[in-house]
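Working notes for the structure below.
The values are calculated or read from the model by the stated rules, or taken from the named source; none is laboratory data. Just so you know, these numbers come straight off a predicted model, no measurement behind them. We place every Cβ from the backbone using ideal geometry, glycine too, and count neighbours over all the protein chains shown. These accessible areas exclude ligands, DNA and RNA; they are computed on the full protein's heavy atoms, side chains included. Shrake-Rupley method; radii C 1.70, N 1.55, O 1.52, S 1.80 Å.
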Amino acid sequence: GAGISQESGLSTFRDNGGLWDKFDVMEICNFQKFLSHTLDMTEGRQDIFDFYNMRKREIQKAQPNFAHYKIAEWQAQFGDRVKVVTSNIDDLFEKAGCTNVVHIHGETEHMKCAVCDHRWHIGDGEFNADEQCPKCGSEFTKPNVVFFGEGAPEYATMADVFNPKRRTAQDHLFYVGSS
């Protein structure tokens, strides 16, 4: 959850004083609004991209904290037995050394097409509101972050990882930093 990266200086979304206290979630992270802003090419579309570019710059400055490194250490020690599933869009687990991290709400190194679901790598570059999908040419492109009202494809992966039929009596499940 977002709380694990708070110690690294990243604001949470839902806590008191979190990002949704400062920004209107229904304008910034609502899939229907995104679609209407894109269809009409309104200023609201740029506001969405400005918000996620601000967030991306904050993430790029942040460094992993003890918790990120400890989980990476467990993963190095126990291999595939340690699965990292996060709602965070930051890359602090990867910076700490974790591999195969499942970002159920997306992440900031890719753009995504809302028409054909194509994702493409932009790395440290900013999200560009004018960028068209390189696969289908659509203008309905967005940061690779799951908006409210949009499907979250990695939920299926999360369900598979947490499936009780896959666990044994020796397995442990830790929920960290999530409300």
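Tabulated data
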{"item": "log₁₀ of I(q)/I(0) at q = 0.08, 0.19 Å⁻¹ - the chain, Debye sum with one point per alpha carbon", "result": "-0.27, -1.34"}
{"item": "Where the chain is the region considered: accessible area per residue in Å², 1.4 Å probe", "result": "57 Å²"}
{"item": "Sulfur and carbon atoms: percent of accessible area, the chain [1.4 Å]", "result": "50 percent"}
{"item": "Degrees, to the nearest 10: 66-78 long Cα axis against longest axis of the chain", "result": "60 degrees"}
{"item": "Angle between the chain longest axis and helix 43-61 axis [Cα atoms, degrees, rounded to 10]", "result": "30 degrees"}
{"item": "Karplus-derived HN-Hα couplings along region 102-108 (A = 6.51, B = -1.76, C = 1.60, θ = phi - 60°), whole Hz, x at Gly and Pro", "result": "9, 9, 5, 10, x, 7, 9"}
{"item": "Cα centroid separation - region 129-164 against region 55-108, whole Å", "result": "19 Å"}
{"item": "Relative contact order %, region 43-179, counting alpha carbon pairs below 8 Å whose residues are six or more apart", "result": "21 percent"}
{"item": "Cβ-Cβ FRET estimate between ASP50 and ARG119, R0 fixed at 25 Å, reported to 0.05", "result": "0.75"}
{"item": "Peptide ranges 163-170, 44-51 listed from the most packed, as the mean C-beta count within 10 angstrom indicates", "result": "44-51, 163-170"}
{"item": "Amide H partners (placed H, <5 Å) of HIS118, local residues excluded", "result": "CYS113"}
{"item": "Per-selection metrics, region 74-179 (Cα): Rg and Dmax in Å", "result": "16.0, 51"}
{"item": "Radius 9 Å from Cβ of GLU126, net charge of other residues (Lys, Arg +1; Asp, Glu -1)", "result": "+1"}
{"item": "Residues of region 91-111 with amide N under 20 Å of the 7 Å Cα→Cβ point at VAL25", "result": "103-108"}
{"item": "Estimated 222 nm signal from helices in the chain, with DSSP H stretches of n ≥ 4 weighted -39500 (n - 2.57), rounded to 500", "result": "-10000 deg cm²/dmol"}
{"item": "R0 of 35 Å, Cβ-Cβ distance ALA76-GLN132: FRET efficiency to nearest 0.05", "result": "0.30"}
{"item": "C-alpha long axis of helix 31-40 to longest principal axis of the chain, angle in °", "result": "30 degrees"}
